[in-house]
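First the structure, which I've put down as structure tokens, then a few questions once you've had a look.
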Amino acid sequence: MVVPRKSRVMLLVLLGSLLPALAVHADDGEAAALEWREQRLERLTAPFGWLSLVALEFLGDGTWAVGSANDKPVRLPSGPEHWGDVVVEGPRAWFEPEPGAEVLIEDAPVPSRRELVVGGEEPATRVHAGTGWFEIARRGDRLVLRARDSEAVTRREFLGLDYFEFDPDWRIDARWEPHPEGSTIPIADVLGELRDQANPGRAVFEFGGRTYSLEALAADDELFFIFADRTSGRSTYGLGRFLYSDLPEEGRVELDFNRAYNPPCAFNAYTTCPLPPPENRLDVQVEAGELRYRGSGGVRAEDLSG
């Protein structure tokens, strides 16, 4: 069919008017990804962000001396040589300060034994000294002391983040397949513990003529995916990457792998990162998102072998 000259001109004008809008839309995607990267870096390098972790100690019943001296069972990098003692009795914990030690709770000196709120339903009590603090949390039926310090080596010597080039092909419109209400999936972590997590459904997508799927975890008003792929352990972190997405709309989910990022354990060994379930190990090279960290200090895949 021959298109009349007048119609061809009108078609070209119409296309010409659409091209700038399409270009802006593409630029918006890249600009949004770059802005997201800046926010990611800001969160990671915050004074008490993931890079600041300096201790992770599981505590049984008894008395645990805390301080900066080398002989303390719980050694922290700053503050007095002996901050005091953490006393654990079953699900409860107390802090007994060392007389004269400059230790604070809620910006006030700690004159005597004080029961600590264990993190969970309520925010944990934070005990401060030097440039850091610790708190007690609960993992299963055990208590764990976690400490952060703004002058942690992993934060002071952080080498920055590296990424693949932005690739619009990895912004994928996936089909959402919901699971029955109450479905769960077992998720292991770097400590070898296995926990059932809420698993509302999976995202199914095509790339390069093949079909793939990712099982989702519930994350408040978002979906959370932990995945590994053919780049894991090569150009990307060996223990997988994280990706969030908005909740499904009309049976669809957008997976923007340009926003795939490394878990905290890529940078800091005092973390308890979850690992990708077998269902989320993709037989494809996802060459988008965050690359492997150039520095040291994290958990390596070989650390978990055996």
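Which peptide among 220-229, 267-276, 234-243 comes first, and what is the full order, when sorted by highest mean count of other Cβ atoms within 10 Å?
Details: 220-229: 17.8, 267-276: 20.7, 234-243: 22.2.
So the peptides 220-229, 267-276, 234-243, ranked by packing, come out 234-243, 267-276, 220-229.
Pairs of Cα atoms under 8 Å, at least six residues apart: use those to get the relative contact order of the chain, whole percent.
Values: 627 pairs, mean separation 44.6, N = 306.
Contact order relative to length: 15 percent.
Does region 139-212 classify as rounded, prolate or oblate by the C-alpha gyration tensor (a ≥ b ≥ c root eigenvalues; a/c under 1.5 gives rounded; else a/b over b/c gives prolate, otherwise oblate)?
Values: a/c = 3.51, a/b = 1.24, b/c = 2.83.
Verdict is oblate for region 139-212.
What are the radius of gyration and Dmax of region 185-250, computed over its Cα atoms and given in Å?
In order Rg, Dmax, the Cα atoms of region 185-250 give 13.2, 38 Å.
Let me ask you something else. Starting from 0.36 nm per residue, how many nanometres of slack lie between residue 28 and residue 175 once their C-alpha separation is accounted for?
50.6 nm
Moving on to the next point. Between helix 5-44 and the chain, what is the angle of the helix's C-alpha long axis to the longest principal axis, kept within 0 to 90° and rounded to the nearest 10?
With both axes taken from Cα atoms, the answer is about 10 degrees.
What shape does region 88-194 take by its C-alpha gyration tensor, where a ≥ b ≥ c are the square roots of the eigenvalues and a/c under 1.5 counts as rounded, a/b above b/c as prolate, and the rest as oblate? Walk me through the numbers on the way to the answer.
Details: a/c = 3.22, a/b = 1.60, b/c = 2.01.
Oblate, because a/c is 1.5 or more while a/b does not exceed b/c.
Further question: What share of the DSSP beta bridges in region 177-306 is antiparallel, in percent to the nearest 5?
Details: 26 of 28 bridges.
Bridges in region 177-306 that DSSP calls antiparallel: roughly 95 percent.
Answer with one residue from 84, 104, 212: the one whose Cα lies farthest towards the positive end of the charge dipole of region 81-234, charges on Cβ with Lys, Arg +1 and Asp, Glu -1.
212
Each value in this text was obtained by applying a stated rule to the coordinates, not by laboratory testing. Remember, predicted model here, so these are calculated numbers, not experimental data. Neighbour counts run over all protein chains shown; Cβ positions are idealised from the backbone, glycine included.
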